[in-house]
1. Please specify each residue of the range 28-79 satisfying the condition of being within 16 Å of the ligand (Cβ to nearest atom) and part of a loop (DSSP other than H, G, I, E, B).
2. With the condition kept exactly as written, say whether any residue in the range 118-132 is open to solvent by 20 Å² or more (accessible area, probe 1.4 Å), part of a strand (DSSP E or B) and modelled with pLDDT of 95 or more.
3. Quick one: what pairs do we get from the range 67-95, first residue under 24 Å from ALA210 (Cα atoms) and charged (D, E, K, R), second assigned to a helix (DSSP H, G or I) and within 12 Å of the ligand (Cβ to nearest atom), C-beta under 7 Å, 6+ apart or different chains?
4. Mind listing whichever residues of the range 43-69 are of a type in the set (Gly, Ala, Ser) and either outside the structural domain of LYS193 (by TED's automatic domain parsing) or open to solvent by less than 50 Å² (accessible area, probe 1.4 Å) (or both)?
5. So which pairs qualify, if the first residue must be in the range 134-145 and assigned to a loop (DSSP other than H, G, I, E, B), the second must be open to solvent by 20 Å² or more (accessible area, probe 1.4 Å), the Cβ gap must be under 6 Å, and the two must be at least 6 apart or on different chains?
6. Which one of LEU142, LEU135, LEU209, LEU190 is within 23 Å of LYS260 (Cβ to Cβ), of a type outside the set (Val, Ile, Thr) and in the same structural domain as ILE116 (by TED's automatic domain parsing)?
7. Can you name every residue in the range 223-262 that is closer than 30 Å to VAL12 by Cα and in contact with a strand residue (DSSP E or B) (Cβ under 9 Å, 6 or more places away or on another chain)?
Amino acid sequence: MIELNKLVRENVIRLKPYSSARDEFSGKTGIFMDANENPYGKLNRYPDPYQKELKAAVSRLKGISEDKIFLGNGSDEIIDLCFRVFCNPGSDKILTFSPTYGMYEVSAAINDIEVISIPLNESFQIDLQKVRPYLSEKNLKLIFICSPNNPTSNSMNHSDVEYIISSFRGIVIIDEAYIDFSEKPSFIDLVNKYPNLILMQTFSKAYGLAAARVGMAFTAPSIIKYFNKMKPPYNISSINQKTVLDKLGKIKEYKDQVTKIRKERERLAANLKKMDITEKVFPSDANFLLVKVKNATFIYKELINNNIIVRNRTNVIDNCIRITVGKKTENNKLLNALKTISI
Ligand SMILES: *Cc1c(COP(=O)(O)O)cnc(C)c1O
């Protein structure tokens, strides 16, 4: 069992949150003279601070109760909230598995938190032998697991992840930004089993709403209580709440796009494998491919000359580029451009 009172920062436990007009009266009808809004216009009213309508829709979509859902201004806000709720600047630590998403380290640096970075093994899986000694590390508050992982594109083994959650006394954050593209099941069911798990998903990738900035966290209500205390009261705009709600009303469009992207991913991978410049195409559970090539920096620059922008990851994984799966026509242009490159 975890002791939340010992994990949460003392000042956060003591914090008396801002009480907004919509906290004090949350009814929908009436003459509103409590929030100093302009009575005219369409976007004149402050949004619902707890996004109840949207959470009800997310609850139906994910089969998880509303009191276990938190919505953030992108997953990035949720990552930052995890730091600010649990980590004392200058003394606490987090653990990540490298290479992984860069925001964990940036958020750690912003909050003056030390990062213990454990390399994934050669199959990009977690090496439990290496993690074990750290599970009882003093001041280690958070463990971040990205699955499917960015930029390696694979999913972490279920048993390794569950071992970590069940043996760690701190908080485990699973980042499932790419789960919709994976054939492997989500870890979401573990939220009901482990009170120290925060599972994140996002509308930025498969739902095609990166511009709307809406991320989801699924976790125990006792943790959500702290997120709500810390977040800016109106963290998701009415426009963005409505945009996501509308998208959830068109779930077939989402499904068709995910199917198309997965199919294109496999076609792109098969074609890349045939090329001379390719050393390896790593198996992907995401909407991108990690590709080891003969000279990543050269290929990256040549593609830019062709007006095609991929991510050069050679500084993270030797001679690797990360390619986001595009539309069929875009993928063909990439393949044709690569064919003209000789090393
Ligand atoms: C893209 C991505 C996100 C999404 O972040 P948002 O702030 O929700 O747009 C989260 N985690 C990982 C690993 C990602 O690659």
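1. Correct list: GLN51, ASN73, GLY74.
2. yes
3. ASP76/MET103; ASP80/SER107
4. Residues satisfying the conditions are ALA56, ALA57, SER59.
5. LEU135/SER167; ASN139/SER91; ASN139/LYS93
6. It is LEU209.
7. Answer for the range 223-262, where residues must be closer than 30 Å to VAL12 by Cα and in contact with a strand residue (DSSP E or B) (Cβ under 9 Å, 6 or more places away or on another chain): ILE223, ILE224, PHE227, ASN228, LYS231, ASN235, ILE236, GLN241.
Conditions (1) touching a residue at least 40 places away in the same chain (Cβ under 8 Å); (2) among the charged types (D, E, K, R); (3) under 20 Å from CYS146 (Cβ atoms), marked per residue:
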{"position": "ASN287", "(1), (2), (3)": "yes, no, yes"}
{"position": "CYS320", "(1), (2), (3)": "yes, no, yes"}
{"position": "ASN332", "(1), (2), (3)": "no, no, no"}
{"position": "LYS339", "(1), (2), (3)": "yes, yes, no"}
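The values are calculated or read from the model by the stated rules, or taken from the named source; none is laboratory data. What you see is a predicted model, and the numbers here were worked out from it, not measured in a lab. Don't worry about glycine lacking a Cβ; one is built from the backbone with ideal geometry, like all the others, and counts go over all protein chains shown. In case anyone asks, the SASA skips ligands and DNA or RNA and just uses the protein heavy atoms, side chains included. Shrake-Rupley method; radii C 1.70, N 1.55, O 1.52, S 1.80 Å.
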